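The values are calculated or read from the model by the stated rules, or taken from the named source; none is laboratory data. Everything quoted here is computed from the prediction, not taken from an experiment. Cβ: placed from backbone, ideal geometry, glycine included. Neighbour counts: every protein chain shown. Just the protein is used for accessible areas: all its heavy atoms, side chains included, with ligands, DNA and RNA removed. Shrake-Rupley method; radii C 1.70, N 1.55, O 1.52, S 1.80 Å.
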Amino acid sequence: MTGNLLINVENMGIQFGGLKAVQGVNMYLNRGELVGLIGPNGAGKTTSFNMLTGVYTPTEGIITFDGKKINGLAPYQVTQKGISRTFQNIRLFKELSVLDNVKVANHSLARHSMWASIFRLPNHFKGEAEMEQQSFEFLKIFGLDIYKNELAKNLPYGMQRRLEIARALAANPKLLLLDEPAAGMNPQETHDLMELIAFIRKEFGLTILLIEHDMSLVMGICERIYVLDHGQLIADGTPEEIRNNPKVIEAYLGEEVIS
Ligand SMILES: Nc1ncnc2c1ncn2[C@@H]1O[C@H](COP(=O)(O)OP(=O)(O)OP(=O)(O)O)[C@@H](O)[C@H]1O
């Protein structure tokens, strides 16, 4: 047990050739928190997610998750530790059904052994049935059950975004990282998504870190917000504090209106 602290990031940074894309980032999330990560284009938000999930190894700093250092772990090991994510550009198995997309992600949760699967022992079929049922339950939560047998590529855009979150959740994370979940959604879809995020967080006892350009969403559901600009944190605080922070207003001038 590591108390209330779930993830702690100390002095995190990464350099690509001569470019310091992210540097000196300190942040933390307590269990159960819903925190936003915002900043202008190119500020280093996705790069930070890539470091938290093992896609990139930071060139400086320490990331501690659930009391253990996770720098240098491969992405699948980070997932096993309990961090799942979605991507800015939707990454689904487009030629698989909606249900199978969730089942694939759910596979790491399957309680039946690999040997039972390989030799198709009775436990395998029991495990398969359980997994199918569990995956279907996820689809229901996301309002995707009616699309169960549809190929992922045929889903309306907003539903594809939802399926991405369902998949990330099926890996049973403690920490969920959402990279622009409302990108390309209309205001109604964004509003529904906001409610869904609040719901799954409560229902699954999740901790969530969210990158988002839609300020109504960020300001509406996050308890705390970190602001990145040119690879460095320039502010952190409550939505109210962030909205009134002169540095943040300056960083966003000409790009976003913080409302
Ligand atoms: N693999 C890489 N090699 C070189 N430069 C990179 C690499 N990945 C990211 N960068 C650079 O790091 C900087 C931060 O990019 P990043 O995608 O993290 O920004 P962002 O805040 O997520 O932006 P956006 O809001 O547009 O998605 C950019 O200058 C980008 O070009």
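Inside the range 105-126, can you point out the residues that are at pLDDT 65 or above and surrounded by fewer than 18 Cβ atoms within 10 Å (Cβ to Cβ)? Walk me through how you get there before you give the answer.
Of all residues in the range 105-126, those at pLDDT 65 or above come to 105-107.
Selection gives 107 alone.
Condition (residue is on the phi > 0 side of the Ramachandran plot, open to solvent by less than 30 Å² (accessible area, probe 1.4 Å) and over 14 Å from the mean Cα position of the chain (by Cα)) applied to the range 34-52: is it met by at least one residue?
Scanning the range 34-52 turns up at least one residue that is on the phi > 0 side of the Ramachandran plot, open to solvent by less than 30 Å² (accessible area, probe 1.4 Å) and over 14 Å from the mean Cα position of the chain (by Cα).
Of the residues in the range 91-104, how many are open to solvent by less than 30 Å² (accessible area, probe 1.4 Å) and within 27 Å of residue 47 (Cβ to Cβ)?
2
Can you pull out the strands (runs of 3 or more DSSP E) entirely within the range 129-235 that have at least 1 residues that are at pLDDT 90 or above, open to solvent by 70 Å² or more (accessible area, probe 1.4 Å) and among the hydroxyl-bearing types (Ser, Thr, Tyr)? Please lay out each step first, then the result.
Details: elements: 175-179, 207-211, 224-229.
Counting at least 1 such residues, we get no strands (runs of 3 or more DSSP E) at all.
Here is a yes/no grid of residues against (1) touching a strand residue (DSSP E or B) at 6+ places or on another chain (Cβ under 8 Å); (2) buried (at least 19 other Cβ atoms within 10 Å of the Cβ); (3) outside any strand (DSSP E or B):
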site	(1), (2), (3)
6	yes, yes, no
11	yes, no, no
15	yes, no, no
27	yes, yes, no
88	yes, no, yes
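Here's the yes/no breakdown for (1) farther than 17 Å from residue 178 by Cβ; (2) near the ligand (Cβ under 10 Å from one of its atoms); (3) in the same structural domain as residue 164 (by TED's automatic domain parsing); (4) hydroxyl-bearing (Ser, Thr, Tyr):
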{"site": "13", "(1), (2), (3), (4)": "yes, no, no, no"}
{"site": "19", "(1), (2), (3), (4)": "yes, yes, no, no"}
{"site": "32", "(1), (2), (3), (4)": "no, no, no, no"}
{"site": "42", "(1), (2), (3), (4)": "yes, yes, no, no"}
{"site": "55", "(1), (2), (3), (4)": "no, yes, no, no"}
{"site": "68", "(1), (2), (3), (4)": "yes, no, no, no"}
{"site": "74", "(1), (2), (3), (4)": "yes, no, no, no"}
{"site": "77", "(1), (2), (3), (4)": "yes, no, no, no"}
